[in-house]
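Laboratory data are not the source of any read-out in this text; all were calculated from the coordinates shown. Keep in mind it's a predicted model, so treat the numbers as computed, not measured. Methodologically, a virtual Cβ is constructed for each residue, glycine included, from the backbone with ideal geometry; neighbour enumeration extends over all protein chains shown.
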Amino acid sequence: TQETADLLKEKLKETFGFSQFRGEQEDIIKNTLSGENTFVIMPTGAGKSLCYQMPAIAMEGTAIVISPLIALMKNQVDQMNAFGINAQFLNSSLNRAEMTKVKNAVIKGEVKLLYIAPESLTKEDNLTFLKQANISFVAIDEAHCISEWGHDFRPEYRRIRNIVESMDKALPIIALTATATPKVQQDIQKNLNLDDARLFKSSFNRKNLYYEIRAKRDDIDKQIIKYIKVNHGKAGIIYCLSRKKVEEIANLLNVNGIKALPYHAGLDSDVRMANQEAFLNEETEVMVATIAFGMGIDKPDVRFVIHYDAPKSLEGYYQETGRAGRDGLEGTCIMFYAKEDINKLDKFNKDKTVVERDTARMLLHEMVHYANLGTCRRRQLLNYFGEHMDKDCGFCDNCNKPTPKYKVEEAVVLALQT
Ligand code: ADP
Ligand code: MG
């Protein structure tokens, strides 16, 4: 009704300071409020969090948010608390006393959003606790983690459905992801039993992102330093394949007077958290990272994402570049590409099973094709997500320079097929 609509808009302004809903946010929120199941597929930066944060505030009880990463939970909880909303998390970063405190607050009905890691969800005493709590609905963020065809498979995600059903079969569920490939979509629906859910899927076109691919040559470090210096003061992420490379490039940038920090899974969790914080708080300009960094991190003003090495899949590439320009302003995505890197990536597939290797090679093959393409990048990228564009975008390197920079490297393509 108009009344609920006005009320929601008022809450949006009052709590978040936004004057308007974006895209389908309002309909999604209403769907959860009405007790229906919801499946949301929207690109990174579209504003998926609000789709469960708003109903959580509006409904009685505590909303459970299942989220795959500690860093991600902390980021969101901090944000919600800053808005004056009582949000808490339950994960392995808390000690026993802290956990008890959080649980008591939930039982007392003080908490609007409780973020839980999937592995905490499955713990016996947490299950007992959840059965006692007054829960409004369950949100499953980054739902693609349930699928092996996604870019971030988490086996524990497979257990969510049983656990939720053991809590209360009637709880509304909202699953959210930025992964749009049909295979992943099907996996999510099947695993979460969401066949009855209303689907909200929006376009994956990130119009404000400029896509560029450069041939990777000996002068790559110089090119990167130059790019950052020209764009002084802007925040950016540089993705590298190995931890060693991450450290090396972070050092190199520091030596050149650029504030940069490393982030990879080999660092202690407190160092990782401190570095992430420094990046979010603008104490550092550049985050040099492996793909361990970034999922769900809400830094709206990342102005560039550089791939020092080619990613393993187009899906990964889209997710990683998607961290630029979340505020809707321009973002530049530069990938340095060399066919040697593809061979290097393919070597990781050596010890896999035949099926896994074939999957990985197929994904890699699409990546190679994209990198070598002389036509509109956006067209190709959206095509991958099943979207069709009528016209070239005019906002990528190939649209700016219609002649292909290099030809399809037959040798690589053939090597991948064997
Ligand atoms: P996603 O999870 O889809 O990647 P987020 O939920 O992290 O995206 O939101 C991305 C950014 O958009 C955040 O900075 C968020 O505050 C902002 N945002 C979300 N909804 C709105 C809105 N209705 N108006 C303005 N900004 C919004
Ligand atoms: Mg998100």
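Structural remarks
- Top-ranked residue in region 27-52 [being assigned to a helix (DSSP H, G or I) and within 9 Å of ligand 1 (Cβ to nearest atom); ranked as surrounded by the most Cβ atoms within 10 Å (Cβ to Cβ)]: Cys51
- In region 48-74, the residues that are small (Gly, Ala, Ser) form Cβ pairs under 8 Å with partners that are assigned to a helix (DSSP H, G or I) and within 14 Å of ligand 2 (Cβ to nearest atom), at six or more places apart or across chains, as follows: Ser49/Gln76; Ala63/Tyr52; Ser67/Met73; Ser67/Gln76.
- Test: residue in region 326-340 that is farther than 21 Å from Asn91 by Cβ, more than 15 Å from ligand 1 (Cβ to nearest atom) and part of a helix (DSSP H, G or I): yes
- Condition broken by Asn205, with the remaining ones in (1) surrounded by fewer than 20 Cβ atoms within 10 Å (Cβ to Cβ); (2) in a loop (DSSP other than H, G, I, E, B); (3) in contact with a Pro (Cβ under 7 Å, 6 or more places away or on another chain) satisfied: (3)
Okay, residues lined up against (1) within 16 Å of ligand 2 (Cβ to nearest atom); (2) hydroxyl-bearing (Ser, Thr, Tyr):
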site	(1), (2)
Thr1	no, yes
Asp6	no, no
Glu10	no, no
Ile29	yes, no
Met54	yes, no
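- Hey, Arg159 among the basic types (Lys, Arg), under 17 Å from Lys48 (Cβ atoms) and more than 16 Å from ligand 2 (Cβ to nearest atom) or not: no
- Residue in region 111-120 that is assigned to a helix (DSSP H, G or I), out of contact with any Cys (no Cβ under 9 Å at 6 or more places or on another chain), free of Cβ contacts under 8 Å to residues at least 60 places away in the same chain and surrounded by fewer than 13 Cβ atoms within 10 Å (Cβ to Cβ) present: no
- Applying the condition of being part of a loop (DSSP other than H, G, I, E, B) and touching a Ser or Thr at 6+ places or on another chain (Cβ under 8 Å) to region 81-110 and asking which residue is nearest to Met167 (Cα to Cα) yields Gly109.
- Looking only at region 285-320, and only at residues there that are touching a strand residue (DSSP E or B) at 6+ places or on another chain (Cβ under 8 Å) and assigned to a helix (DSSP H, G or I), the one that is farthest from Gly331 (Cα to Cα): Tyr317
- Applying the condition of being within 8 Å of ligand 1 (Cβ to nearest atom) and part of a helix (DSSP H, G or I) to region 5-26 and asking which residue is nearest to the chain's Cα centre (by Cα) yields Gln25.
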